[in-house]
Structures are given as C-alpha cells and as structure tokens.
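The values are calculated or read from the model by the stated rules, or taken from the named source; none is laboratory data. The structure displayed is predicted, hence computed values, not measured ones. Here Cβ is always computed from backbone atoms with ideal geometry, including for glycine, and neighbour counts include all displayed protein chains.
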Amino acid sequence: MDDDSPDRPVTAFSGVRLIGRGPLAKVAVAIPGWIERNHRSHPVQVFDDATGAIIDLDLRGTAEEIVARLTPEGEPRGRGRPKLGVSSREVTLLPRQWDWLMRQPGGASTTLRRLVDAARKEAIYDIRAAQAAAYKFAAVKVGHHAGFEEAARALFAGDHAAFRKHSIHWWPDVRAHVERLAWRESPTDGGTHRDG
C-alpha cells in the first residue's frame, strides 16, 4: 500500500474526540456529514496511522470529487479497473517457487503484488515506526500537557505501565489512540464514525 494511497489506514479526531477510523477515502467522505450532523466547531483532523502525521484534505464537493482528489497525481481515476503504474522487471525464483506462484489465483504477478503489499502493510507496525507515529500524534494533541515528557520517555522505552501512569490525565480518546499506535491495541469503535 503506497504512503499516498486512498486505502491507507487513518484516524479522525474532532478536537480531542475520536470520530472515526478506517481507509482514508472512507473516512474523508464521511467527515462532511459528521460535521453537519453534530454541528461541531472544532476542526476535524485526520491522522495517518502509519506516521502519526496530519493529512491535509480538501473536503469540498461530492464524495466522488473528494475521493478523486485523494488519488496520487498522474494516476487519474476513470471507469473500469484503475491503472496500476506497473513497471516490468526481472525476478529470479526457484522452479518450485514459480510452480507455486503459477497455481495462485490471478497468476504470478498478481500474487507477487499481493505478497509485497501485505509485507509493506506489516512493516507499518515496526515497533520504532509505531512509537514514532504515536509520539507525533501525541505531540499534536497533548504536547503541552503535564506528564507528556515522562509519557514520551515511557513510550520509547516500550514501558506500557509507565506510559499509562504518566498519561492518566490525558483525554481518553487521545490516550487510547496513542496506545493503539504504539502497542497495536485493538480499536473499540470497529472503524465506524461516532456521532454526538
């Protein structure tokens, strides 16, 4: 999954409140409706789960227009299957590996792309990258809060108990999201947007 993919996992906050998470395109098109239903004055921020960085979104127009703007430049979306931007290169494998690949649905190229994407997705959860993403998000939301420095040290030390101790007074959704990023804790909202 490319870093600029509309399918990358993201989390949306209104102020310090979690409002939803899921693939970027799905979250982006849901935000205007959420704002309208909830009459919120806090700006909505969308964070990349892999990096903790804020994603700038243009949420004007229809759902189709919003999604179209998420597509990387040079890859316009049209009808039918999207162009993959494939470059042909040589791959050297053993005969048994070629035999296995050729038996997979979609053939060798499709299977290799799927395997590479799965490995890249798993790499998102590399512990150092996860800690850095959690820190970057926390710095935006609670960088000025009491206990931030101590909690950050605990985060990079991988000391979950110490992190919880020093982040005890953080807003619950912010604290839970930092834990989810750093320690891969399960989301509780099932990827849906929350109203109210």
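Scanning region 141-153 for residues that are hydrophobic (A, V, I, L, M, F, W, C) and surrounded by 14 or more Cβ atoms within 10 Å (Cβ to Cβ) gives VAL142, PHE148, ALA151, ALA152.
Checked against the criterion of being in a strand (DSSP E or B), of a type in the set (D, E, K, R) and touching a residue at least 60 places away in the same chain (Cβ under 8 Å), region 24-43 contains not a single residue that satisfies it.
Quick grid of which residues meet (1) surrounded by 20 or more Cβ atoms within 10 Å (Cβ to Cβ); (2) outside any loop (DSSP other than H, G, I, E, B); (3) of a type in the set (Lys, Arg):
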site	(1), (2), (3)
ALA139	no, yes, no
LEU155	yes, yes, no
ILE168	no, no, no
HIS177	yes, yes, no
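For the structure I just gave you, tell me whether GLU149 is closer than 19 Å to PHE47 by Cβ, out of contact with any Gly (no Cβ under 9 Å at 6 or more places or on another chain), assigned to a helix (DSSP H, G or I) and among the acidic types (Asp, Glu). No: the conditions fail for GLU149. For region 72-92, the set of residues classified as at pLDDT below 75 and β-branched (Val, Ile, Thr) consists of VAL86 only. Name the single residue, out of those in region 179-196 being in a helix (DSSP H, G or I) and out of contact with any Ser or Thr (no Cβ under 9 Å at 6 or more places or on another chain), that is modelled with the lowest pLDDT. The extreme case among them is TRP183. For region 1-55, filtering for residues that are at pLDDT below 90 and under 16 Å from the mean Cα position of the chain (by Cα) leaves 7.
Would you be able to say whether some residue in region 111-120 is at pLDDT below 90, assigned by TED's automatic domain parsing to the domain that holds PHE13 and out of contact with any helix residue (DSSP H, G or I) (no Cβ under 6 Å at 6 or more places or on another chain)? So far as region 111-120 goes, no, none of its residues is at pLDDT below 90, assigned by TED's automatic domain parsing to the domain that holds PHE13 and out of contact with any helix residue (DSSP H, G or I) (no Cβ under 6 Å at 6 or more places or on another chain).
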